[in-house]
Amino acid sequence: MEFLLAIAASTAVVFIAELGDKTQLVAMSLATRYRPATVLLGITVATLLVHGLSVLIAEVVGLALPTDWITLAAGVAFVGFGVWTLLGDELTAKDEERAASRRIGSGLVTVAVVFFVAELGDKTMLATITVGTHYDWLPVWLGSTAGMVVADALAIALAAVLGKKLPERAVQIGAALLFFLAGGAMVFEGVRAVAG
C-alpha cells in the first residue's frame, strides 16, 4: 500500500509541477521539430536519469535530517513551488536557440540531451527530491517519471489540437493553488511535529 501511495503522490506532485513549466514549453517546442513519439521517448529517458539523481539526493537528505524538519521544509518548498508556478516560466529566445543548436545525431538523443539539461535544477526535479524525502526511492522515481511524461504528453497533444488557445494563466493558477494547499498542510503538520 505504501508503494502505491508513493507512486500516486510523486506522480501527482510532478504532474502539477510540470503544468506551465519551462520544460513543458521545451517539450512542445521539440515536438515541432521531431515526431511526438520521439519527443516522448526522449523525455522519458531524460526524466528517468534526472529523477534517478533526484531520488538519490532525497535518500541522502532523508538520512541526514530528522523527519519532522523535512516535513516542515517540504511544506515551505511546496509553498515556494506555488509562487514559482504563479510567476511562471517562459521559454526564452535563448532557450529556443539552445534547443535548436543541440542537434547531436538522432532526434531521440537530441531530445533526451536537451530535456535533461533543461530539467536540471528545475521545479520538477526539486519537487521529486521533496517527495523522495518522505517515501522510498523506487516508487518516487517511477511516479515522478510517469507524472512528467503524462504532463508533457498532454501538453504536446493539446498544443497540436488547440494551438495557442490554451489558457496558460488559468493552468498556472490552478497548479499554484494545489501547491499552496499541499504546502500549507505540510507546514502545519511540520510545525505541529517540531513543536511537540
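Among the residues of the stretch 145-155, not a single one is at pLDDT below 85, open to solvent by 20 Å² or more (accessible area, probe 1.4 Å), within 15 Å of the chain's Cα centre (by Cα) and over 18 Å from I7 (Cβ atoms). Within the stretch 1-27, being modelled with pLDDT under 80 and not β-branched (V, I, T) holds for G20, D21, K22, L25. Taking the conditions (1) part of a loop (DSSP other than H, G, I, E, B); (2) open to solvent by less than 50 Å² (accessible area, probe 1.4 Å) in turn, I129 satisfies each one other than (1).
Considering only residues of the stretch 77-124 that are more than 13 Å from the chain's Cα centre (by Cα), in a loop (DSSP other than H, G, I, E, B) and of a type in the set (G, A, S), which is modelled with the highest pLDDT? Checked the stretch 77-124; the qualifying residue modelled with the highest pLDDT is S106.
The values are calculated or read from the model by the stated rules, or taken from the named source; none is laboratory data. These numbers come from a predicted model, not from an experiment. Glycine gets a Cβ as well: all are built from the backbone with ideal geometry, and neighbour counts include every protein chain shown. For accessibility, only protein heavy atoms count, side chains too; no ligands or nucleic acids. Shrake-Rupley method; radii C 1.70, N 1.55, O 1.52, S 1.80 Å.
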